[in-house]
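The values are calculated or read from the model by the stated rules, or taken from the named source; none is laboratory data. The structure displayed is predicted, hence computed values, not measured ones. All Cβ positions, even for glycine, are placed from backbone atoms using ideal geometry, and neighbour counts span all protein chains on display.
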Number of protein chains: 2
Amino acid sequence: MKKSRITLKDLAKELNLAPSTISRALGDHPAISEATKTRVKEKAEELAFIPNSIASSFRRKKTRSIGVVVPRIDVHFHSLVISGIEEYAYKKGYNVTIFQSKDSLTREKEITKILQNNMVEGVIACLAIETKRSDHFKNLKKIGIPLVFYDRVPSDFESNKIVINDFGAAFQATEHLINIGCKNIGHIAGPQTTGIFKARLEGYKAALKKNGLPFHSGLIKYANNLSYEEGVSCAKDFLKYKEPLDGIFCANDYTAISVIQVFQKADYKIPDDLSIIGFSNYPISRIIEPNLTTINDRAFEMGQAAAKLIIRQIEDEEVLIDSETQSIKTELIIRESSMKKRAV
Amino acid sequence: MKKSRITLKDLAKELNLAPSTISRALGDHPAISEATKTRVKEKAEELAFIPNSIASSFRRKKTRSIGVVVPRIDVHFHSLVISGIEEYAYKKGYNVTIFQSKDSLTREKEITKILQNNMVEGVIACLAIETKRSDHFKNLKKIGIPLVFYDRVPSDFESNKIVINDFGAAFQATEHLINIGCKNIGHIAGPQTTGIFKARLEGYKAALKKNGLPFHSGLIKYANNLSYEEGVSCAKDFLKYKEPLDGIFCANDYTAISVIQVFQKADYKIPDDLSIIGFSNYPISRIIEPNLTTINDRAFEMGQAAAKLIIRQIEDEEVLIDSETQSIKTELIIRESSMKKRAV
DNA sequence: AAATTTAACGCAAACGTTTGCATTATGAAT
DNA sequence: ATTCATAATGCAAACGTTTGCGTTAAATTT
C-alpha cells in the first residue's frame, strides 16, 4: 500500500539538476533552455513522476478548488447547477468539493467553518431553507474567500448572486394564461419566507393587476415544501373554490402535476377547462400528459455562471467590483397544458 | 483581500509556548496538561485561529477527501449515490470532490490522471458508458489509492464493488408479472455491452424459463440509452407484436412510462390488459398514473456503502481483504401498474 | 582585451504543521 | 541525599514544491 512516490527532488538527483530547475522546466519557465526542458520532461515521463499537488497548493497558497454548498444534491435543480459548476470549473482546471446542508442551519454553519481551512479558494452556495441570517457566510468573506450565491441568496448582506428573474418569469407565465383567455387564475405559492417564492407570488399578482383581473386571497394556496402531496391538497382546495378556476400557475412543477391529476379526476379537461403552468422544467413536465407548460429556469447555466463568476473573483488580482448580481434569462416553455383548443 | 491569517506559530509566540505544544494541545494530546490545553484553546478562540488544513494534509500525507467520478451528476440515480456518499463521508470528517466523465472515456482518463496528484485518499467511481478497459483505474490502484466502483463496475480487473443483484431483481420483477397471470411478457433491454443491463435481461429470461413460459426474441426490444423517446418507439413496436402482450418489464422507469402512455393511447387498460414494471424507482414512478411498479435500487444506500467501504480501506492499516463486492438488497415496489383487478 | 549584457541554472529559504526525540522540572522511591 | 520514574514542554527536522536572488559561463559590445 505504502509506495513512496517519486518526487521532484528524485528527478533532480537523477538528472544532476537542481530541484528548482526541474520545477521550472516542468512549468515551462522561459529561463530554462529547451534542451533541458525536454530532458526533464522525458525523464519525468519515464519515471512516472506525478507532482504532489498538495505540496504545490501549500507552497503557492492556491488549491485550485472551489467549495459548493447545496441544500441537497439529489434535488434535480441543484444537481443541474452542480453539473454546470463542475463543467466550467473542470475546463478551468478547478475541482469542486460538495457539501449538503440538508436545509439545516446548524449544518450549514458547520460547513462554513470547515470551508475556512484554506481548502477552497472560493465558495458557491445556495442557502438552506432554515437560514435567515447569514453571518456564518460573512466570516468566509472576511477571511478573503470569494463567495457566490445562487437561487436562494442572502438578503442581509451584499454579495455576488446568480439568480433568475422570478418576478418576471411568474409575470410572464400568468400573463400567458390571461392571453389564452383565463379569467380566474389561481396560484400555488411557496413559503413566503423565501425570496424566490415571494417574487413568484408578486409576479402573479402584478400580471393580474396589469390586466385588470380581480384578485381574491382565495385564489392563492400556500405550500410549505411544494411537494407532490402538498400540491394534491392545494388542488383539492381549489376544486372547492366558489367559482371554477380556468387557470393555475404553480410555483413548481410537482404541484402543477398534482393539479393536473386532481382536476382530471374531477373531470376537468386540461387545458380546455383549466390551463396549468409549473415552474422549473423538470424532466417529468415533458412526460406527464398533457405535457406541462413551465418555466425553464436554466439551472445548468446558473451553475456555469456561478463557476465563471467565482473563478474570475479568485483569479483577478485587482477586484474592482465589490459585488455583482447576474440574472439568468428564463424561458416560458409552452406545452399542452396551456394550449386551449377553443379560439380565444 | 489578502489577509495574512493567524498561524499556529503566531499562537505559540503569543503564549510563549512551542509550536509543537500548540499543535498537541489543540489535538488533545495526552502529554499536554489540561491547564495549557484550555489556555491554548481559549487563545485560539480569541484570535480566531483556523488551522491550515493544507499544511496539515501536506505534513501528514492525509487529505481526508475522497474523489468521486460519475458519468453525470444530473442523472437522478447518480445524484442519489453522491448524496449517500457525502452523507457518510461528512459524518466521518471527509469531504468529497466530484468529477463527471460525461460518459466519455477520454475525459475519464484525464480525471484519473488528475486524481493521482495526492489530492484524494480514495476514489469512488462509476464507469463511463464508453469504458471497456479500465487500465487507467489500475494506475490509481498501483500508486496505492483505494478504489471502489458502483453500478457500472469493471469486468477486466479485480476491485471493490458496490452493486445490486440486477439478475435477481429482474427475475423477481418478471416472476411477479407471471404470478399475477401474465403469459406474454416483453422486455425493454438496455445496451448489452453494459453488465447491469445484460444481467437484467438474463434475469427476465430465467424467470420465464423457470415458469415454463416460452421465450421469443420478438419479446425483447433493445434500447441504446433507455430514454423516454426510445421507450416510445419500443412500445410502438410491441403494439405490433403478433399476439397481444399482457406484461412488460422495462430496464428502467423512463421506458416503462413510455409503455404506459403508448398502450393507454392504444386503448389498453393498465394494469388489466397490460401490466408494467420499471426499474429504479424514479420520483416520476409514484406520480404517473397508474403508479408504476418498479425496483427500488437503493441508490442512496449504495452511495453510503461505497463511502463506508472506501473509508475503511483508507483507514485500515492492515488491509487483509484484497477486494470486496457488496450487493445491496433491492426491493420490488408494487404499485398500480401491476395490480390486476381481475382475480388470477 | 576589458567591460557589460544575457542566458541558464543553482542555492537556500519559505510555506504551516506534525512528530520523534531530547530536555527540564516535579514528585516518588530507594 | 541520591536515583528513578513520570509529566510536561521544547527543539529541530521533515514533508515537496516554489521563488527571489545569486552565480557562472558564454555571448556581445565597446
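Figures for the structure shown
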| quantity | calculated |
| --- | --- |
| Some residue of segment A:73-94 being more than 16 Å from DNA strand C (Cβ to nearest atom), at positive phi and at pLDDT 95 or above | yes |
| Within segment A:44-55, considering residues that are crowded, with 19+ Cβ neighbours inside 10 Å and more than 7 Å from chain B (Cβ to nearest Cβ), the one farthest from residue A:81 (Cα to Cα) | A:44 |
| Residue in segment A:144-163 that is over 26 Å from residue A:106 (Cα atoms) and hydrophobic (A, V, I, L, M, F, W, C) present | no |
| Condition check for residue B:28: within 22 Å of residue A:114 (Cα to Cα), away from every other protein chain (no Cβ under 14 Å) and touching a residue at least 24 places away in the same chain (Cβ under 8 Å) | no |
| From the options B:204, B:254, residue that is buried (at least 16 other Cβ atoms within 10 Å of the Cβ), in contact (Cβ under 8 Å) with a residue 12 or more places away in the chain and away from chain A (no Cβ under 14 Å) | B:204 |
| Residue count, segment B:255-302 (criterion: among the polar types (S, T, N, Q) and in contact with a Gly (Cβ under 8 Å, 6 or more places away or on another chain)) | 6 |
| Residue that is surrounded by the most Cβ atoms within 10 Å (Cβ to Cβ) [pool: residues in segment A:207-234 that are under 27 Å from the mean Cα position of the chain (by Cα) and in a loop (DSSP other than H, G, I, E, B)] | A:226 |
| Candidate set from segment A:130-167 (those that are surrounded by fewer than 18 Cβ atoms within 10 Å (Cβ to Cβ) and away from chain B (no Cβ under 14 Å)); member that is modelled with the highest pLDDT | A:165 |
| Leading residue by the ranking (farthest from residue A:258 (Cα to Cα)) among those in segment A:178-189 that are under 27 Å from the mean Cα position of the chain (by Cα) and aliphatic (A, V, I, L, M) | A:189 |
| Residue in segment B:72-85 that is at the interface with chain A (Cβ under 10 Å from one of its Cβ atoms), of a type in the set (Val, Ile, Thr) and over 19 Å from residue A:97 (Cβ atoms) present | yes |
| Among the candidates A:172, A:116, A:100, residue that is polar (S, T, N, Q) and more than 14 Å from chain B (Cβ to nearest Cβ) | A:172 |
| Filter result for residue A:281 (closer than 27 Å to residue A:128 by Cα, in a loop (DSSP other than H, G, I, E, B), within 14 Å of chain B (Cβ to nearest Cβ) and touching a helix residue (DSSP H, G or I) at 6+ places or on another chain (Cβ under 9 Å)) | yes |
| Matching residues, segment B:104-123, being polar (S, T, N, Q), touching a residue at least 40 places away in the same chain (Cβ under 8 Å) and either assigned to a loop (DSSP other than H, G, I, E, B) or surrounded by fewer than 21 Cβ atoms within 10 Å (Cβ to Cβ) (or both) | B:118 |
| Residues being under 14 Å from residue B:322 (Cβ atoms) and among the polar types (S, T, N, Q) - total across segment B:129-154 | 0 |
| Unique residue being in contact (Cβ under 8 Å) with a residue 40 or more places away in the chain and either within 11 Å of DNA strand D (Cβ to nearest atom) or over 28 Å from residue A:106 (Cβ atoms) (or both) when the list is B:8, B:15 | B:8 |
| Lone unmet requirement of (1) in contact with a Cys (Cβ under 6 Å, 6 or more places away or on another chain); (2) more than 10 Å from every other protein chain (Cβ to nearest Cβ); (3) among the aliphatic types (A, V, I, L, M) for residue B:69 | (1) |
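One line per residue, one yes/no per condition, for (1) among the hydroxyl-bearing types (Ser, Thr, Tyr); (2) within 16 Å of DNA strand D (Cβ to nearest atom); (3) crowded, with 18+ Cβ neighbours inside 10 Å:
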{"residue": "A:22", "(1), (2), (3)": "no, yes, yes"}
{"residue": "A:28", "(1), (2), (3)": "no, yes, no"}
{"residue": "A:58", "(1), (2), (3)": "no, yes, yes"}
{"residue": "A:61", "(1), (2), (3)": "no, yes, no"}
{"residue": "A:70", "(1), (2), (3)": "no, no, yes"}
{"residue": "A:77", "(1), (2), (3)": "no, no, yes"}
{"residue": "A:81", "(1), (2), (3)": "no, no, yes"}
{"residue": "A:91", "(1), (2), (3)": "no, no, no"}
{"residue": "A:102", "(1), (2), (3)": "no, no, yes"}
